[in-house]
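Input: a single structure, listed below in structure tokens.
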Amino acid sequence: MKVLVATAETQGARPSDLDNCVDGELVWMIDACPASRRNPYGPCCCGRSFSGMSSDEYTTTAAVREIAGLTLADYTDALRACFDAKGWCSCCTARPLDDMVRELVALAAAWPDGAVVERRVDWLTVRRGVVPRWGGPASAG
């Protein structure tokens with residue numbers, strides 16, 4: 001299954017970049033706050049970053065990775081464990097957990113394995129200058 005994982009690839013290409021996650025850990029996207037929706041490159045990073053499921057840190061780049069043997073149930077359990085570690089109940093998120101997992105899987109499925117993506121609130125784009133391993137164009141979407 002294709003998923004998004006933290007990556008240090010292309011970090012530093014933008015002044016607003018940050019990379020505090022563990023390279024290769026599963027990531028998810030917290031809903032952007034109103035301030036970050038207005039200015040995703042401002043002081044609050046929630047509209048431009050991915051959150052590490054294990055480290056509870058942030059990164060502004062994620063890589064699409066095909067992880068053999070990873071199931072939807074495994075992925076759901078990983079996100080649930082992340083929320084449990086934060087002390088969040090299922091009512092603390094804007095969407096049901098299963099919906100969030102399906103959205104994350106659908107986002108990853110849209111890109112080739114190895115693509116490095118960045119976030120701008122509700123949009124993901126391939127980071128310019130990064131050629132996915134499949135050798136296609138450097139940007140899409």
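The values are calculated or read from the model by the stated rules, or taken from the named source; none is laboratory data. Here the structure is a predicted model, which is why all the values come from computation and not from measurement. All Cβ positions, glycine included, derive from the backbone under ideal geometry; neighbour counts span all protein chains shown.
A single member of Gly52, Gly87 is surrounded by fewer than 16 Cβ atoms within 10 Å (Cβ to Cβ) and over 19 Å from Asp122 (Cβ atoms), and it is Gly87. Just wondering, is there one or more residues in segment 34-51 that are among the aromatic types (Phe, Trp, Tyr), closer than 20 Å to Ala6 by Cβ and modelled with pLDDT of 95 or more? Yes: segment 34-51 contains one or more residues that are among the aromatic types (Phe, Trp, Tyr), closer than 20 Å to Ala6 by Cβ and modelled with pLDDT of 95 or more.
Only residues that are closer than 22 Å to Leu72 by Cβ and surrounded by fewer than 18 Cβ atoms within 10 Å (Cβ to Cβ): list them for segment 26-49, please. Matches in segment 26-49: Ile30, Asp31.
Among the residues of segment 1-21, the ones that are surrounded by 17 or more Cβ atoms within 10 Å (Cβ to Cβ) and of a type outside the set (D, E, K, R) come to 7 in all. Do we find that Gly42 is free of Cβ contacts under 8 Å to residues at least 24 places away in the same chain, of a type outside the set (Phe, Trp, Tyr), within 23 Å of Asp17 (Cβ to Cβ) and not in a helix (DSSP H, G or I) in this structure? So Gly42 fits the description; yes.
Look at (1) assigned to a loop (DSSP other than H, G, I, E, B); (2) in contact with a helix residue (DSSP H, G or I) (Cβ under 8 Å, 6 or more places away or on another chain) and you find that Tyr75 fails only one, number (1). Scanning segment 109-128 for residues that are under 19 Å from Cys44 (Cβ atoms) and assigned to a loop (DSSP other than H, G, I, E, B) returns Val121, Asp122. In segment 1-16, the residue that is farthest from the chain's Cα centre (by Cα) out of those that are part of a loop (DSSP other than H, G, I, E, B) and modelled with pLDDT of 90 or more is Met1.
From the residues in segment 56-77 that are closer than 18 Å to Glu9 by Cα and of a type in the set (Gly, Ala, Ser), which one is surrounded by the most Cβ atoms within 10 Å (Cβ to Cβ)? Ranking the candidates gives Ala62 first. In segment 9-38, the residues that are free of Cβ contacts under 8 Å to residues at least 40 places away in the same chain and over 18 Å from Val126 (Cβ atoms) form Cβ pairs under 9 Å with partners that are part of a loop (DSSP other than H, G, I, E, B) and of a type in the set (Val, Ile, Thr), at six or more places apart or across chains, as follows: Cys21/Thr7; Asp23/Thr7; Ile30/Thr93.
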